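Novice: I'd like to ask some things about the structure below.
The values are calculated or read from the model by the stated rules, or taken from the named source; none is laboratory data. None of these values were measured; they are calculated from a predicted model. Reconstructed Cβ throughout: ideal geometry from the backbone, glycine too, with neighbour counts over all protein chains shown.
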Amino acid sequence: MPDLMVIGGGLAGSEAAWQAAERGLTVALYEMRPRQMTPAHVTGLLAELVCSNSLGSKLVDRAPGLLKEELRRLDSLVVACADETAVPAGGALAVDRDAFAQRVTERVEGHPKITLHREEVKDIPRELPVVVATGPLTSPALAGVVAGMTGSTYLYFYDAMAPIVTAESIDMSVAFRASRYGRGEGEGDYINCPMNQGEYERFVEELVSAETIALRDFEREDPKFFEACLPVEVLAERGERALAFGPLKPVGLTDPRTGRRPHAVVQLRQDNHSATLYNLVGFQTNLAWGEQERVFRLIPGLEHAEFVRFGQMHRNTFINAPSLLLPTMQFRSRADLFFAGQITGTEGYIGSVASGFVAGMNAARLMGGLDPVSFPASTMIGALCNYVSNAEPDGFQPMKPNFGLFPPLDPPIRKKRERYAAYARRALAELQSAIDTNSL
């Protein structure tokens, strides 16, 4: 019998299994794909990214960048694989999604203390420690078991994926390469499709009137969207200028054809190492596939775009973590049961990795006779775990890494950039102290 069972081979499960194995445990990692697929995944690879290929900012004075730096210093498997498979993305860490997932899969399969099982788990055993990291697309059978254990109804929201087009189908006589404010390397890491006011207004008009994919009856009763990942058509419905102040904001960009800032800009980000595929940044959508072709080809430069993946929306599931979990990611009523990933409400790719790290590390500590560790709330990894375990249970929603979770500085710093830099310095110092104190 293994020392630990990890259910789910996504970002959190892969990280949890790796951290536990690196600390000496024998780990049985269960992933049901490809034998049983989810509505969003297309491969059987571990850590497959189903939405964006970006893990967020790589700048340490930004919350996602700070969390990645903390995880690097903790020897995160997933962050190391992301660094190794990175593609140009200005100030963000984006990856070739296939190469990234392949790298994680190879590393996990090659670990001598991890055994990968390709089968669905329909129950949570009690005879050995378990990490549940089944993600936002937990299978119905296991979701029912977890719901029964928690004594409460599952919560959920809807997430959406952006479409991907081929690079050769983008009209570069209209589009141009640049990163906002010149960030990044070379001539610019993003392809930008500029819009004048008339083009923008027509696009918004067609977008809000386009046909969407119908939700099922039970979904129509209460469709919930996560604010940080709204479908582009839902955001457009909030007002004519909503997109221009959101994903289509033109600030920091100059159209080389006019020498002026465009009225709006659609950005495309490289999706693979060979730069043959690009995804539409911020264009998560639930439009019908035919409507995506019609409406998105109204974007200047994309008139003849070849779509290799259409956007789609899927239901994400998460537990009411504040009533169920400790900051160590332990289940409050069972010390050897851990939860990790988006099912806990640590939203976003890198947030999932963080909770997976904490769960795997603490499972190993528990089995080794050591006390589980809660990271300081002044670190981003600690702030996230503290939030999902101590937020108000009523109305609980997933949370991405952000500096609003941090305790205030003493003395306070008024200027935001200086304040964020000070947060980062404090966090990394506190993290190092935790590493030294607990021999992490």
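Novice: Taking Phe307 and the conditions (1) buried (at least 24 other Cβ atoms within 10 Å of the Cβ); (2) in contact with a helix residue (DSSP H, G or I) (Cβ under 7 Å, 6 or more places away or on another chain), which numbered condition does it fall short on, given that it satisfies the others?
Specialist: (1)
Novice: So Arg414 fits all but one of (1) outside any helix (DSSP H, G or I); (2) surrounded by 15 or more Cβ atoms within 10 Å (Cβ to Cβ); what number is the exception?
Specialist: So Arg414 meets the others, but not (2).
Novice: Which ones in segment 65-94 are modelled with pLDDT under 95 and under 27 Å from Ala422 (Cα atoms)?
Specialist: Ala89, Gly90, Gly91, Ala92
Novice: In addition: Look at Leu243 and say whether it is touching a residue at least 60 places away in the same chain (Cβ under 8 Å) and outside the structural domain of Asp98 (by TED's automatic domain parsing). Spell out the reasoning first.
Specialist: On the way: touching a residue at least 60 places away in the same chain (Cβ under 8 Å): no; outside the structural domain of Asp98 (by TED's automatic domain parsing): yes.
So Leu243 fails the test.
Novice: Checking the conditions here, which among Asp222, Asp189 is assigned by TED's automatic domain parsing to the domain that holds Arg294, modelled with pLDDT under 95 and surrounded by fewer than 13 Cβ atoms within 10 Å (Cβ to Cβ)? Even if it seems obvious, please write down each step before you answer.
Specialist: Working: Asp189 fails: surrounded by fewer than 13 Cβ atoms within 10 Å (Cβ to Cβ).
Result of the check over Asp222, Asp189: Asp222.
Novice: Using the structure shown, decide if Gly345 is among the small types (Gly, Ala, Ser), buried (at least 18 other Cβ atoms within 10 Å of the Cβ) and in contact with a strand residue (DSSP E or B) (Cβ under 8 Å, 6 or more places away or on another chain).
Specialist: Numbers: among the small types (Gly, Ala, Ser): yes; buried (at least 18 other Cβ atoms within 10 Å of the Cβ): yes; in contact with a strand residue (DSSP E or B) (Cβ under 8 Å, 6 or more places away or on another chain): yes.
Yes, satisfied.
Novice: Moving to a separate point now. List every residue pair whose Cβ atoms sit under 9 Å apart, with the two residues 6 or more apart in sequence or on different chains, where the first one lies in segment 99-120 and is in contact (Cβ under 8 Å) with a residue 40 or more places away in the chain and the second, anywhere, is acidic (Asp, Glu) and surrounded by fewer than 18 Cβ atoms within 10 Å (Cβ to Cβ).
Specialist: What qualifies is Ala99/Glu84; Phe100/Glu84; His111/Glu22; Lys113/Glu22; Leu116/Glu109.
Novice: Related question: Answer with yes or no whether Ser179 is touching a Gly at 6+ places or on another chain (Cβ under 9 Å), at negative phi and assigned by TED's automatic domain parsing to the domain that holds Val308.
Specialist: Details: touching a Gly at 6+ places or on another chain (Cβ under 9 Å): yes; at negative phi: yes; assigned by TED's automatic domain parsing to the domain that holds Val308: yes.
For Ser179, the condition - touching a Gly at 6+ places or on another chain (Cβ under 9 Å), at negative phi and assigned by TED's automatic domain parsing to the domain that holds Val308 - is met.
Novice: Within segment 371-386, can you find the residues that are in a helix (DSSP H, G or I) and free of Cβ contacts under 8 Å to residues at least 60 places away in the same chain? It would help to see each step written out before you state the result.
Specialist: To start, the set of residues in segment 371-386 that are in a helix (DSSP H, G or I) comprises 380-386.
The answer is Gly382, Ala383, Cys385, Asn386.
Novice: Another question, then. Going by what's in this entry, would Met361 be described as part of a helix (DSSP H, G or I), farther than 17 Å from Met399 by Cβ and in contact (Cβ under 8 Å) with a residue 60 or more places away in the chain? Steps first, answer last, please.
Specialist: On the way: part of a helix (DSSP H, G or I): yes; farther than 17 Å from Met399 by Cβ: yes; in contact (Cβ under 8 Å) with a residue 60 or more places away in the chain: yes.
Yes: the conditions hold for Met361.
Novice: Right, here's the next one. Go through the residues of segment 420-428 one by one and say whether even a single one is among the hydroxyl-bearing types (Ser, Thr, Tyr), farther than 19 Å from Glu22 by Cβ and part of a loop (DSSP other than H, G, I, E, B).
Specialist: Pass one, segment 420-428, residues among the hydroxyl-bearing types (Ser, Thr, Tyr): 420, 423.
Now drop any that are not farther than 19 Å from Glu22 by Cβ, which leaves 420, 423.
From what is left, the residues that are part of a loop (DSSP other than H, G, I, E, B) are none.
No, there is no match, as no residue in segment 420-428 is among the hydroxyl-bearing types (Ser, Thr, Tyr), farther than 19 Å from Glu22 by Cβ and part of a loop (DSSP other than H, G, I, E, B).
Novice: Turning to a different aspect of this structure: Which residue out of Gly356, Gly345 is without any contact (Cβ under 8 Å) to a residue 60 or more places away in the chain and within 19 Å of the chain's Cα centre (by Cα)? Before you say what the answer is, go through the steps one by one.
Specialist: Values: Gly356 fails: without any contact (Cβ under 8 Å) to a residue 60 or more places away in the chain.
Just a single option satisfies the conditions, and that option is Gly345.
Novice: Additional query: For Arg107, state whether it is modelled with pLDDT of 95 or more, buried (at least 17 other Cβ atoms within 10 Å of the Cβ) and either touching a helix residue (DSSP H, G or I) at 6+ places or on another chain (Cβ under 8 Å) or of a type outside the set (Val, Ile, Thr) (or both).
Specialist: Working: modelled with pLDDT of 95 or more: yes; buried (at least 17 other Cβ atoms within 10 Å of the Cβ): yes; either touching a helix residue (DSSP H, G or I) at 6+ places or on another chain (Cβ under 8 Å) or of a type outside the set (Val, Ile, Thr) (or both): yes.
Judged against the criteria, Arg107 is a match.
Novice: Answer yes or no: is there a residue in segment 17-24 that is more than 14 Å from the chain's Cα centre (by Cα) and either among the charged types (D, E, K, R) or within 21 Å of Ala141 (Cα to Cα) (or both).
Specialist: Within segment 17-24, the subset more than 14 Å from the chain's Cα centre (by Cα) is 17-24.
Narrowing the set further to residues that are either among the charged types (D, E, K, R) or within 21 Å of Ala141 (Cα to Cα) (or both) leaves 22-23.
Within segment 17-24 (the criterion being more than 14 Å from the chain's Cα centre (by Cα) and either among the charged types (D, E, K, R) or within 21 Å of Ala141 (Cα to Cα) (or both)), the answer is yes, since at least one residue qualifies.
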